[in-house]
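Scroll down for the structure; my scribbles are underneath it.
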Amino acid sequence: MWCNSCNSWPCRCGCGGSNIVCNPSVPDRSCITDLVGIPGPTGATGPTGPTGPTGAIGPIGPTGATGYTGYTGNPGSATATGSTGPTGYTGFTGPAGAASATGATGPTGYTGVAGAASATGATGPTGYTGFTGPTGPTGYTGYTGSMDATLTTITPTSGTSYTINMTLAYQTISTTAQIDFTATSNRIAVRSCVTQIEAYAGGARNLTFNASWVPLGVVFPASLPANKVGILSLISLGTAETDIRAVFTAQP
């Protein structure tokens, strides 16, 4: 049965009835009655689809129990070693051969020409100069000798007693009284001094000298004549009065 038209595609026609469908071959898509026809022949089987991926291998099952080890057989008995046979006789030693004569010594070969002397190598660099050792301590300063050129007038230390200062190189005494040379001062080894005695005014001057002094040349005089000049030269060879060496001379 034909209908006028379809409402939509594909859809049921508006003709009514459940067996009415659109006819696609009709340009105006008129509906026809859905009649059941004879089934057509079965189509050819399509090609087999590709084989799916192989599944994951399952876990390995547990190992079975180890079987029993068989019994070890009994070892066979060792074969006994036989006795050693007797040693054979040693053969006789043959006679020694005659010694060969020593051949003549060959001539000595020529001495080769001496090689040229090698050139002297360059002088190696000079080694570093060693460090200078520390300066030793300064030695003690020696005593200054009697070099004072000043003429010093000396006076008695007490009464008529005079002490000769060995540091005064040139000394003079001018008095009308007696002169007693009782001591010296500042004695060292070696120091010297000269003392002048004047007797210009008045009479003679009585003189005495330290008994520890050692006179040289002549004995010490007991006096100096009036209007004369005497010279007393002293040298100290140590620090004691006994180290004094003395020479007295007077104007004739």
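The values are calculated or read from the model by the stated rules, or taken from the named source; none is laboratory data. These numbers come from a predicted model, not from an experiment. Virtual Cβ from ideal backbone geometry, glycine too; neighbours counted across all protein chains shown. For the accessible areas, the whole protein counts, side chains as well, though only heavy atoms, and no ligand, DNA or RNA atoms are used. Shrake-Rupley method; radii C 1.70, N 1.55, O 1.52, S 1.80 Å.
Quick check, is ASN227 open to solvent by 40 Å² or more (accessible area, probe 1.4 Å), in a strand (DSSP E or B) and either of a type in the set (Gly, Ala, Ser) or in contact (Cβ under 8 Å) with a residue 24 or more places away in the chain (or both)? Spell out the reasoning first.
Numbers: open to solvent by 40 Å² or more (accessible area, probe 1.4 Å): yes; in a strand (DSSP E or B): no; either of a type in the set (Gly, Ala, Ser) or in contact (Cβ under 8 Å) with a residue 24 or more places away in the chain (or both): yes.
Criteria not met by ASN227.
Which ones in region 190-224 are of a type in the set (Phe, Trp, Tyr) and open to solvent by less than 30 Å² (accessible area, probe 1.4 Å)? Working first, answer last.
So in region 190-224, the residues of a type in the set (Phe, Trp, Tyr) come out as 200, 209, 213, 220.
Across region 190-224, the qualifying residue is only TRP213.
In a strand (DSSP E or B) and either under 60 Å from the mean Cα position of the chain (by Cα) or surrounded by fewer than 18 Cβ atoms within 10 Å (Cβ to Cβ) (or both): which single residue out of ARG187, ARG245 fits that description? It would help to see each step written out before you state the result.
Details: ARG187 fails: in a strand (DSSP E or B).
Sole residue among the options that is in a strand (DSSP E or B) and either under 60 Å from the mean Cα position of the chain (by Cα) or surrounded by fewer than 18 Cβ atoms within 10 Å (Cβ to Cβ) (or both): ARG245.
Among the listed residues SER146, SER158, which satisfies the condition of being within 30 Å of GLN178 (Cα to Cα) and either surrounded by 10 or more Cβ atoms within 10 Å (Cβ to Cβ) or at pLDDT below 75 (or both)? Working first, answer last.
Values: SER158 fails: either surrounded by 10 or more Cβ atoms within 10 Å (Cβ to Cβ) or at pLDDT below 75 (or both).
The conditions single out SER146.
Looking at THR175, THR102 in this structure, which one is of a type in the set (S, T, N, Q), modelled with pLDDT under 90 and open to solvent by 60 Å² or more (accessible area, probe 1.4 Å)? Give the derivation first.
Values: THR175 fails: open to solvent by 60 Å² or more (accessible area, probe 1.4 Å).
Matching residue, one of THR175, THR102: THR102.
Report whether or not ALA169 is open to solvent by less than 30 Å² (accessible area, probe 1.4 Å) and touching an Asp or Glu at 6+ places or on another chain (Cβ under 6 Å).
Working: open to solvent by less than 30 Å² (accessible area, probe 1.4 Å): yes; touching an Asp or Glu at 6+ places or on another chain (Cβ under 6 Å): yes.
Here the answer is yes, as ALA169 does meet what is asked.
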